[in-house]
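No lab work stands behind these numbers, since they all come straight from the coordinates. Keep in mind it's a predicted model, so treat the numbers as computed, not measured. Note: ideal-geometry Cβ built from the backbone for every residue, glycine included; neighbour counts use all protein chains shown.
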Amino acid sequence: MPMRFLDEMDIDGKRLFVRVDYNVPMKDGAITDDTRIKASLPTLELALSKGASLVLCSHLGKAKGAPDPKFSLAPAAKRLSELLGRPVAFAPDCVGPEVLKMAQALKSGEVLLLENLRFHEGETKGDPAFAAELARLGEVYVNDAFGTAHRPHASVSGVPAVMAACCGGLLLKKEWEFLGKALESPVRPYVAATGGAKVSSKLGVLRHLLSKVDSLIIGGAMANTFLKAQGLGMGASLVEDDLLDEARAILAEAAEKGVRIALPVDFVISRDAGKPLGEMTAAGVVDAKSVPADASAMDVGPATVEFFAGVLAPAKTVVWNGPMGAFENPAFAEGTMGVARILAGLDAVTVIGGGDTIAAVGLSGLEDKMTFISTGGGASLEFMEGKELPAFKALREYGK
Ligand code: ADP
Ligand code: MG
């Protein structure tokens, strides 16, 4: 069966069991950012407009398999009710006879949010018995939680396996269309811009991209390791010395595949190695070939941004993962902001993934100019590694 999404399903009058991502930041029992709750509204409103009733479930925080009032989803029920403009009932648990009764009593148009899934260890363990208990609460399974799409948890993999029908929600559908379809069969030229702190955390992404892209930009601290692998002195910059061979292997593979690699040609440096990032100051711009021994490359320089602009100019598809510098300090943010501006000006499909890259694009104020910004950190990275995520695997295998 091909994967199905909510807008293709016959759900009129059905009771839906919806896995949402309400893992919202909280402080002293209050939600500090309700973006994720707002993001779920299109899926919920579509279902409600078709006369479905909704049983919603999510995890919140680092609950360890037992109830913990700190991580109660009760505040999320209240906020959702305000946003939906209708009552949202809250269940004191996510399984058990009382919760089953509450779910079965739901009438068309009514909404019930369950208590934190991770109050039971069966959730993260992917326990089939726990999944079967959850599955009794609804008739159609809907997954709209991209943030946990890479986790084979009970509510992600187990419930769809035993439920009569299952599909993805509208949020999951968008992630699938852009991270999946747009990047798997891209309109060419296809250029990837990569960066961030560590080659080690991006090896899978780099290797997968090499098999797909026409050009690969490497910036951020990751570039330091590649430049050192080519024999350049990187001074006191962040370098992963244990990955120099790996970097050489990636460069060789790129050459073999005809993928053009673009590395920085200049850097904004600092002479404050060892200090916390917030206290470091910029000490000028140097050529990539002449980083002084006591200096750290903290951001790509203006000539690099111009060079990268040229590499990106012909692109019809672009994926960007990883900031070009230590952008959290404004002194080292210009390279990353420059790349954001370049992408914003392209006539191309632009797809952004990765927690810090998303934050950086947020700082640039250019979010509206990007085609798609993924909502998942870890999940989008695994997607970009070419892995089939457990959420999509389940929907593909059990879609009916
Ligand atoms: P993402 O979350 O988007 O996948 P990463 O977590 O891989 O991105 O990388 C982001 C981090 O990389 C940021 O915290 C940033 O400060 C750091 N970084 C980027 N370039 C440098 C650099 N030249 N030196 C030190 N840190 C860097
Ligand atoms: Mg990160």
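Whole-Hz Karplus values for the range 95-103 come out as 9, x, x, 5, 5, 4, 4, 4, 5 Hz, taken residue by residue from phi with 6.51 cos²θ - 1.76 cosθ + 1.60 and θ = phi - 60°; glycine and proline positions read x. In this structure, residue 256 and residue 359 have a Cβ-Cβ separation that, at R0 = 51 Å, corresponds to a calculated FRET efficiency of about 0.90. Shape index of the chain: Rg/Rh, with Rg the Cα radius of gyration and Rh the Kirkwood radius from the inverse mean 1/r over Cα pairs, equals 1.03. The angle separating the long axis of helix 74-84 from the principal Cα axis of greatest extent in the chain is about 90 degrees.
For the residues 242, 266, 299, a GNM of the chain with alpha-carbon springs under 10 Å puts the largest fluctuation on 242.
Under 5 Å between amide hydrogens, built in the peptide plane, is the criterion, and for residue 262 it picks out 216, 217, 218 among residues at least 5 positions away or on other chains.
Counted over the range 70-129 with a bin width of 5 Å, the fraction of Cα pairs per bin, in whole percents, is 4, 18, 23, 22, 19, 9, 4, 0. Among 235, 376, 168, determine the one that fluctuates most according to a GNM of the chain built with springs between C-alpha atoms less than 10 Å apart. Greatest mean-square fluctuation among the candidates belongs to 235. With coordinates expressed along the principal axes, the C-alpha atoms belonging to the range 188-347 extend over 42, 36, 24 Å, beginning with the largest. Full extension of the chain between residue 188 and residue 290 gives 33.2 nm of extra length, using 0.36 nm per residue less the Cα-Cα distance. Charge tally around residue 308: other residues with Cβ under 15 Å, Lys/Arg +1 each, Asp/Glu -1 each, net -3.
Each stretch of four or more DSSP H residues adds -39500 (n - 2.57); spread over every residue of the chain, this sum gives -10000 deg cm²/dmol at 222 nm. Taking every DSSP bridge with both residues inside the chain, close to 20 percent are antiparallel. With 0.36 nm allotted per residue and the present C-alpha distance subtracted, the residue 46-residue 306 stretch has 89.1 nm of extension available.
Once the Cα atoms are used to define both axes, helix 302-312 deviates from the longest principal axis of the chain by about 60 degrees. Here the calculated FRET efficiency for residue 275 and residue 344, from their Cβ-Cβ distance with R0 = 25 Å, stands at 0.15, rounded to the nearest 0.05.
Taking the longest Cα principal axis of the chain as reference, the axis of helix 35-49 is set at about 40 degrees. Only lysine pairs 8 or more places apart, or on different chains, with alpha-carbon atoms under 20 angstrom apart are counted in the range 188-347, and they number 9.
Summary of the geometry: the range 287-339 and the range 129-156, compared by the centres of their Cα atoms, lie 41 Å apart. Straight-line cross-link partners of residue 78 among the aspartates and glutamates, defined as a Cα under 15 Å from its Cα and at least 8 positions apart when in the same chain: 33, 34, 110, 115. If you plug the beta carbon distance of residue 93 and residue 388 into 1/(1 + (r/R0)^6) with R0 = 35 Å, you get a FRET efficiency near 0.65. A simple spin-label model places pseudo-atoms 7 Å from Cα toward Cβ; at residue 107 and residue 66 they are separated by 4.1 nm.
Residue separation of residue 211 and residue 83 scaled by 0.36 nm, minus their Cα-Cα distance, works out to 41.7 nm of gained length. Comparing 285, 142, 159 in a Gaussian network model of the chain (Cα springs below 10 Å), the most mobile by mean-square fluctuation is 285. A simple spin-label model places pseudo-atoms 7 Å from Cα toward Cβ; at residue 125 and residue 203 they are separated by 3.2 nm. Cross-link check: pairs 38/107; 70/107; 70/174; 70/369; 27/173 evaluated at a Cα-Cα cut-off of 29 Å; pairs beyond the cut-off: 70/107; 70/174; 70/369; 27/173.
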